[in-house]
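Heads up: the structure comes next, in C-alpha cells.
The values are calculated or read from the model by the stated rules, or taken from the named source; none is laboratory data. Predicted model, so just to flag it, every value in this text is computed and none were measured. Backbone-built Cβ (ideal geometry, glycine too); neighbour counts: all protein chains shown.
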Amino acid sequence: MGATATLSEAGLVAEPGQETSCSVTIRNAGQVVDQFAIDVVGDAGGWATAEPATINLMPGETGTVTVRFAPPRSSDVPAGTIPFGVRVFSSEDPAGSVVEEGTVQLGAFTEVTAEIVPAKVEGSSKADFEVAVDNRGNRPVAVELSPLDPEDELDFRLERDRADLAPGTAAFVRLRTRPRKRFLRGQAVRHRFQVFVVADGAEPIKTEGTMVQRQLLPKWLLPALAALLVLLLALVTLWFTVLRPAVKSAAREAAQEQNQEIVKAAQDAGAGADQAKKNADQAKQNSEQAMKAVGLTPPGDNPAPPGSGPGATPTRAANAADGTPTDFRVAADAKIDSNVNRFAEFPYTLPDASKTLVITDLILQNPRGDTGTLRLLRDSGGTKTVLLEVGLSNFRDLDHHWLQAWRFQPGDKIVLAVSCQNPGDRGRCTPSVSFSGRVE
C-alpha cells in the first residue's frame, strides 16, 4: 500500500476571480521512503494548484499539502457545483496511488455589454441599426431592450424587446428608426438616441446611436433641372429662328425632286413588270425540272418539321434559389501577448455542416481602440488560409462589402485570430467581426 490521503474540507465555496483553499494530509503507508506527486483532476484542474507539488515521506510519516482554487472571472467557467479530485501519486508504488474527491460551489456573476452597430447611419426617411448584446457572465441572463429619444423626434421599431443569453453568447436585435418630421430641402439633422439594456440582477446599460436625417430631394436634382430648362429654352429658340425655316425650304425642294423620280420609276416599272414575271415563272419551272432529274424533291413538297414553324416557342430553365440570408458575430477576448507572431484563435463553425456559407459583407469593430493585429482565416480540414489582416489601431468601425463573395464549403470554419499588444493597464483585446451573407 503506497499512501492514504484526507481532505480537510470536501465542500468548498469560491467566488469568480477570488481564491479559496483546503489542505490534504498524506501518509506514507508503505515500507520504504517514497516521493508523492500531488495534482488536481476534474473540471477544476485548470485553475487549481497544489503547494508543494511533490513531497517525500518516510514509512509511516505524514505530511500536509495546500490545494488552492482560483476560478477565473470568465463565462468559460459556469456557476454551480464543480467536482474535483486530489490525486496522490506514489513513485515507488504506483498501484498504491489514491484520489480524494471534493466539490467547489462556484458563485455566479453577471456582466452584460451592449453597443449599437453601426453607431451612425444616414437616411432621409429611415435608418437601420443592430443592438449587439454580449453575456460575459457565468450564468444565463434575460435582457430587455428599450429605445429612447430624449428629443421625442424619432419613432422606433425593435425586432424583439427581449432576449435570453447563455454564458459567453451574444444576441443581435434589429432596430429601425423613422423621423416624425421630414423635409424636402435643407441641412442634415442629427438625431441622437439611446437604447437601455436591462439584465436580471444587473444595473441598466445605456448605449447610444445617431441617425443623420437628410433632405428627401437629392442635392443634385434642382441644379440638374435648372440646367435642363436652360438647354430646352436654347433649343426652342434655335429651332424657331434658324432650323425650322431651313428645314421647310429643303423639304419642299426634296419633295419636288422625289415626285419626279417616283413618276419616272413607276413608268419604267410598269413596262418591265410583265417581262419580269414571265422570266421568273420560266426560271422556277426550269429549277424544278432540274431537281427532279437528279432525284431531289422541290421545295414545297415536304411538310415543315415539328417545332420549326413560326409558332414554335423555346423553353427556358428556371433560376436556382439564391439561398437563405444569414448574419452572425464572432467576438474575441485575447490576453496581452508581447509576441506579435502569436495569435489567439476564436473559431466559428456553420451550424448546418452540409451547407455552403457565402459571405458578402463584413463589419469590423474595435470600440475600445485596442492595439495589435486582427486576422480572418479559413480553416479547411486543418489547413488555414489568411483571408484578411488588419491592424487594430487602424480602425474602430470598418465595413467591407465584397463584389466577389467569400464561399466556405461544408466543413470549413471561419477563424478570428487576434494578437494583442495592449499596454498593461488597458487589459485584454476585445475586437469583433459581424458577418452577413447567405446559406446555400
>> Checking Val65 against (1) modelled with pLDDT of 95 or more; (2) out of contact with any Pro (no Cβ under 9 Å at 6 or more places or on another chain), only one condition comes out false. Which one?
In response: (2)
> Within region 92-102, which residues are within 21 Å of Thr66 (Cβ to Cβ) and surrounded by fewer than 16 Cβ atoms within 10 Å (Cβ to Cβ)?
Replying inline: Val99, Glu101
> Going through region 171-208 one residue at a time, which ones are among the hydrophobic types (A, V, I, L, M, F, W, C) and not in a loop (DSSP other than H, G, I, E, B)?
Replying inline: Ala171, Phe172, Val173, Leu175, Val189, Phe193, Val195, Phe196, Val197, Val198, Ala199, Ile205
> Of the residues that make up region 133-143, is at least one closer than 16 Å to Glu208 by Cα, of a type in the set (Gly, Ala, Ser) and either modelled with pLDDT of 95 or more or surrounded by fewer than 15 Cβ atoms within 10 Å (Cβ to Cβ) (or both)?
Replying inline: no
>> Would you confirm, using the coordinates I've provided, whether Gly168 is at pLDDT below 90, crowded, with 16+ Cβ neighbours inside 10 Å and of a type outside the set (S, T, N, Q)?
In response: no
>> Being of a type outside the set (Ser, Thr, Tyr), loosely packed, with under 14 Cβ neighbours inside 10 Å and under 30 Å from Gln105 (Cα atoms) is the filter here; which residues of region 53-63 pass it?
In response: Ala53
> When Ala3 is evaluated against the numbered criteria (1) among the aliphatic types (A, V, I, L, M); (2) within 54 Å of the chain's Cα centre (by Cα); (3) within 13 Å of Ser97 (Cβ to Cβ), which criterion, by number, is the only one it fails?
Replying inline: (2)
>> Being aliphatic (A, V, I, L, M) and not in a strand (DSSP E or B) is the filter here; which residues of region 327-380 pass it?
In response: Ala332, Val340, Leu350, Ala353
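A quick yes/no check of all residues on (1) of a type in the set (Asp, Glu); (2) assigned by TED's automatic domain parsing to the domain that holds Ser8; (3) surrounded by fewer than 14 Cβ atoms within 10 Å (Cβ to Cβ); (4) in a loop (DSSP other than H, G, I, E, B):
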site: Arg27; (1), (2), (3), (4): no, yes, no, no
site: Phe36; (1), (2), (3), (4): no, yes, no, no
site: Gly46; (1), (2), (3), (4): no, yes, yes, no
site: Val65; (1), (2), (3), (4): no, yes, no, no
site: Pro71; (1), (2), (3), (4): no, yes, no, yes
> In the set Gly168, Gly186, Gly201, which member is small (Gly, Ala, Ser) and within 22 Å of Lys120 (Cβ to Cβ)?
Replying inline: Gly186
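Okay, residues lined up against (1) out of contact with any Cys (no Cβ under 8 Å at 6 or more places or on another chain); (2) modelled with pLDDT of 90 or more; (3) not assigned by TED's automatic domain parsing to the domain that holds Gly123:
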{"position": "Arg157", "(1), (2), (3)": "yes, yes, no"}
{"position": "Leu175", "(1), (2), (3)": "yes, yes, no"}
{"position": "Arg182", "(1), (2), (3)": "yes, no, no"}
{"position": "Gly186", "(1), (2), (3)": "yes, no, no"}
{"position": "Gln194", "(1), (2), (3)": "yes, yes, no"}
{"position": "Leu221", "(1), (2), (3)": "yes, no, yes"}
{"position": "Ala224", "(1), (2), (3)": "yes, no, yes"}
{"position": "Ala234", "(1), (2), (3)": "yes, no, yes"}
{"position": "Ala251", "(1), (2), (3)": "yes, no, yes"}
>> Anything in region 388-440 that is of a type in the set (Phe, Trp, Tyr), at pLDDT 90 or above and surrounded by fewer than 16 Cβ atoms within 10 Å (Cβ to Cβ)? List them, or say none.
In response: Phe395
>> Looking for something of a type in the set (Val, Ile, Thr) and touching a residue at least 60 places away in the same chain (Cβ under 8 Å) - is there at least one such residue anywhere in region 44-65?
In response: no
